[in-house]
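Report on the following structure.
The values are calculated or read from the model by the stated rules, or taken from the named source; none is laboratory data. From a predicted model like this one, the values you see are computed outputs, not experimental measurements. Here the Cβ positions follow ideal geometry from the backbone for every residue, glycine too, while neighbour counts run over all protein chains shown.
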């Protein structure tokens, strides 16, 4: 009850602060009803800080109820945890720790999902973060490719042409994993010994060794 009353008081303070914001005044000036303003605008924004303390409150309520369980002689997880500590039951203690950790993890996942429902801006921020990560990854790959192409010159690279080297191209595709950017070529194709790289369809491949 104490935790619930503190959360209610905290929610009340958040609502008072949110109802004084400019967008609430704008909503009133547009003629929205008081219920629409409270539930669609004020309550959603005021509940965001509350969500951050729900998970610790629930875990604290479950794990720290030893006094209530002892006073009312009600078996529960808290009394079981204390009994395991007193009896040096390592297995039960490990299970309790795993249980509360898993419960907190699942509640945190659920809380993250609720965040996206309460505040659409969180989804937008997640999308922007994903785009930023993808842009960083592409930039790293592009810089690596530029550095690799800088090592290539006319003397140590050979450009494969579909007109002249179709059989060599087919052999490379059949006998190599092109995703590794490394290829092995049979000596029967007569590539010069100084060739270190092959260029196939605009992509650069390191020539490891020749077979045969």
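Counting only helices (runs of 4 or more DSSP H) wholly contained in region 1-81, the ones carrying 2 or more residues that are assigned by TED's automatic domain parsing to the domain that holds residue 111, in contact (Cβ under 8 Å) with a residue 60 or more places away in the chain and within 30 Å of residue 100 (Cα to Cα) occupy 43-63. Screening residue 146 on (1) at pLDDT 65 or above; (2) touching a helix residue (DSSP H, G or I) at 6+ places or on another chain (Cβ under 9 Å) shows it passes everything except condition (2).
Rundown of residues vs (1) within 24 Å of residue 8 (Cα to Cα); (2) in contact with a helix residue (DSSP H, G or I) (Cβ under 9 Å, 6 or more places away or on another chain); (3) at pLDDT 75 or above, yes/no style:
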position: 27; (1), (2), (3): no, yes, yes
position: 36; (1), (2), (3): yes, yes, yes
position: 70; (1), (2), (3): no, yes, no
position: 80; (1), (2), (3): no, yes, yes
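The residue that is modelled with the lowest pLDDT, among those in region 171-212 that are in a helix (DSSP H, G or I) and over 15 Å from residue 158 (Cα atoms), is 188. Within the set 52, 47, the sole residue that is surrounded by fewer than 15 Cβ atoms within 10 Å (Cβ to Cβ) and either within 19 Å of residue 112 (Cα to Cα) or touching a helix residue (DSSP H, G or I) at 6+ places or on another chain (Cβ under 6 Å) (or both) turns out to be 52.
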